[in-house]
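These notes are about the structure you will find just below.
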Amino acid sequence: MWALRLVLVRPDDAKPIPPIPYSGRLTALHKVVLVTGAATMCLWATSSLTTGVFGNAAIISLLFMGVMFGTGILTAVDFNAFRWHVLMLMGGGAVLGEAVRASGLLDILLHHLLPLLPRSSPWLLTLGLALSLTLVATFLSHTVTSLVMIPVMVNVAVRLGNPVVPGMCCAFGVSAAMALPFSSFPNVYSLMQLDEQRRPYLATADYLRCGAPCSALATLLVL
């Protein structure tokens, strides 16, 4: 995958990144950030065990931000510099996923999807589900597809009696989508980087030229 990207992008004309000077000593501020970050990641990883305490993994993230701003590590300048449109897009995906589950749309989708899937072979089932999710994630982004479609696909695999392999391949298949600027938040963030004339460095054609072959190769590797 990395070799394919080097062939497609050809970064030999890129300017070297100058080294960032660093004294190598950990200050009290660094230690607070490291400890708080490590504790937050541990709580994220065990969020299913602490649902009764925090209610939702988003509360853990909010606690981390409270520590960062409450101790003065981050300031109002940092707050105003946030990419709020990206944050709204991420939050909207989470709300959409919860709406699909709570409204009963998930059961309706399952009812209509089950007759269309091949039940004779688990590998044909995995192929169909993974390719479908990769295609959907290309247009709807990883986050929205994961929140909305992966529960559907996993429930389909469970009802067909073989949940493990299709479920894992679906999760990896979502991550294989990278052909458009809005396929993932890293793509969106890179598209928003501007030069001195306030023009984006990248265009949609750049993502298609590099992302489409990488998506195809990644999907093949997953399967």
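The values are calculated or read from the model by the stated rules, or taken from the named source; none is laboratory data. The structure displayed is predicted, hence computed values, not measured ones. No Cβ is skipped: glycine too gets one built from the backbone with ideal geometry, and neighbour counts run over all protein chains shown. With ligands, DNA and RNA removed, areas are computed over all heavy atoms of the protein, side chains included. Shrake-Rupley method; radii C 1.70, N 1.55, O 1.52, S 1.80 Å.
In the stretch 145-183, the qualifying residues are those that are of a type in the set (Ser, Thr, Tyr) and surrounded by 22 or more Cβ atoms within 10 Å (Cβ to Cβ), and the one that is farthest from residue 213 (Cα to Cα) is 145.
Name every residue in the stretch 141-177 that is aliphatic (A, V, I, L, M), farther than 13 Å from residue 222 by Cβ and touching a residue at least 12 places away in the same chain (Cβ under 8 Å), in order of residue number.
We begin by selecting, within the stretch 141-177, every residue aliphatic (A, V, I, L, M); these are 144, 147-150, 152-154, 156-158, 160, 164-165, 168, 171, 174, 176-177.
Filter once more, so that each one left must be farther than 13 Å from residue 222 by Cβ: 144, 147-150, 152-154, 156-158, 160, 164.
144, 147, 148, 149, 150, 152, 153, 154, 156, 157, 160, listed by residue number.
In the stretch 194-223, the residues that are in contact (Cβ under 8 Å) with a residue 12 or more places away in the chain and in a helix (DSSP H, G or I) reach residues that are surrounded by 14 or more Cβ atoms within 10 Å (Cβ to Cβ) and of a type in the set (Val, Ile, Thr) with C-beta atoms within less than 9 angstrom, at least six apart or across chains, in these pairs: 211/138; 212/138; 215/134; 215/138; 218/134; 219/134; 222/134. Taking first residues from the stretch 57-74 that are farther than 13 Å from residue 37 by Cβ and partners that are of a type in the set (Ser, Thr, Tyr), the Cβ contacts under 7 Å between residues at least 6 apart in sequence or on separate chains come to 57/47.
Residues in the stretch 44-53 that are at pLDDT 85 or above and in contact with a helix residue (DSSP H, G or I) (Cβ under 8 Å, 6 or more places away or on another chain): 44 only.
When residue 189 is tested against (1) surrounded by 20 or more Cβ atoms within 10 Å (Cβ to Cβ); (2) within 24 Å of residue 87 (Cβ to Cβ); (3) hydroxyl-bearing (Ser, Thr, Tyr), only condition (1) is not met.
Checking 3, 39 one by one, the residue that is modelled with pLDDT of 85 or more and among the aliphatic types (A, V, I, L, M) is 39 and no other. Taking the criterion of being at pLDDT below 80, open to solvent by 40 Å² or more (accessible area, probe 1.4 Å) and closer than 26 Å to residue 192 by Cα, would at least one residue in the stretch 61-79 satisfy it? Within the stretch 61-79, none of the residues are at pLDDT below 80, open to solvent by 40 Å² or more (accessible area, probe 1.4 Å) and closer than 26 Å to residue 192 by Cα.
Candidates are the residues of the stretch 114-123 that are farther than 11 Å from residue 157 by Cβ and open to solvent by less than 90 Å² (accessible area, probe 1.4 Å); the one that is modelled with the lowest pLDDT is 118. Does at least one position in the stretch 199-212 carry a residue that is closer than 18 Å to residue 143 by Cα, among the polar types (S, T, N, Q), open to solvent by 60 Å² or more (accessible area, probe 1.4 Å) and modelled with pLDDT of 80 or more? No.
For the stretch 35-60, filtering for residues that are loosely packed, with under 13 Cβ neighbours inside 10 Å and under 17 Å from residue 72 (Cβ atoms) leaves 1.
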